[in-house]
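A.B. asks: Mind looking over this structure? Questions follow.
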Amino acid sequence: MSLKSVQGYILAAVAAAAYGTNPAFAIPLYEQGMNPNSVLLFRYAFGVVLLAGIMMARGMSLRIDRDQVGPTAILGILMALSSLTLFESYKYMNSGVASTLLFVYPIMVAVLMVFFFHEKFRFTIALCLVIMSCGLVLLMKPQGNQSISMYGCLLVMVSAITYALYIILVNVSRQIKSIPTTKLLFYVLCWGSLLFVVMIPLGSDLTCPVRGTGWINLVALAAIPTVLSLFCTTKAIHIIGSTPTAILGALEPVSAVVLSVVVLNQEITSREIFGGVLIVVATTLVIGDKAVERAILHVRKMFPKTRLK
C-alpha cells in the first residue's frame, strides 16, 4: 500500500471521528431553546468565516469558473439537506441511534457507484458491508424503554441518501475535482447557508443561544464536525475513492461510544463491544481489500473445481 493511500485512510478515519461529535455539541443547544435550522445556520455561517480566514491567510482567491458554480451549489444543497434532516431527527429519537442509522450511507454509495458509474463491486466490499451492517445493528439501541420513531428514521434515511450523493458527486465531477479543497468547502457552506436562510420566512424561527456556552458549542460545531470533517472527507475521496471513504465513516458510531465511556463515564455493554469490533473488522477489510482478495484467490487455487465426467 502506498503512503498516499495510507494518508487517505487516515483522513477518512479522522473525518468519521470528527463527524461523530455532532450530537455532543447540538443537543445542549436544543436544551437552550434553539431549533435545528438556527443551529445549522450559525454552524455553516461560522464555518464560512473560518474558511474565509484560512483562505485569506494562504492568499487564495475566492474566484471559481462559471461551470463550477452549478456543481458547488448542488453540493451545498445536498450537504445542507443532509445536515438539516439529521439534526431534525434528534428531536424524534435518541441522537446515538440516529447517528448510527445514518451509516447506511456507505451501502448507498457502494450500490450507486456500481449501478450508475460502473464501479466493480468487489467481494471484499460486499463482505465488509455485511459485517458493518451487523455491527451497526448491535450498536443501535434506544435508551430505556424508548421506541424508534418511524418519522425519525425517515429523516435519517433522507440524510443518508443526500450525504451519499454528496460523496459520489465529489468523486465523479471533473469540475469539483479541479477546485482546491478549502475553496470547495467555502462554497459548499455558502450555498448550504442559503437553504437555512430561506427556511426562516417559511416558518422556522431564528433562535440564539441564551448562555455563553451555547456560542462555544456553535463555534465547535463549525470547526470540528463541519470544517475538519468535510475537509478530511473531501481529501480522502480524492485519494482512495467514494466507497472506501464511506465505509470508513462507519467508525463514527464506534468513536461516539468510546467518547461516551471515557468522557461521560457511561457504561458499555458486551453487545456494544462486539458491534464495535465488527465495524473495526469491516473497515480493516476495506483498507486491506487487495491483500484479502489475493488470499481468497490463493485459497480457490488450492481447491480447484472438479469436472464431472
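All of the numbers you see were taken from the coordinates with simple rules; none came from a lab. Just so it is clear, the model here is predicted, and its values are computed rather than measured. Cβ coordinates were reconstructed from backbone atoms using ideal geometry, including for glycine residues, and neighbour counts include every protein chain displayed.
A.B. asks: Name all residues of segment 48-79 having a backbone nitrogen under 16 Å from the label point set 7 Å from the Cα of Phe117 along its Cα→Cβ direction, giving them as ranges.
C.D. replies: 71-72, 74-76, 78-79
A.B. asks: If you don't mind, there's one more thing I want to ask. Expected output is a single nm value to one decimal: the length gained when fully extending between Arg211 and Val172, i.e. 0.36 nm times separation in residues minus the C-alpha distance. What is it?
C.D. replies: Gain in length upon complete extension: 9.7 nm.
A.B. asks: Extension gain Val198-Val130, at 0.36 nm per residue separation less the Cα-Cα distance, in nm?
C.D. replies: Here the answer is 20.5 nm.
A.B. asks: How do the peptides 110-116, 43-49 rank, highest first, by the average count of neighbouring beta carbon atoms within 10 Å per residue?
C.D. replies: The densest-packed peptide leads the list: 43-49, 110-116.
A.B. asks: Sticking with this one: Tell me, what is the FRET efficiency for Arg63 and Arg271 to the nearest 0.05, using R0 = 45 angstrom and their Cβ-Cβ distance as r?
C.D. replies: 0.30
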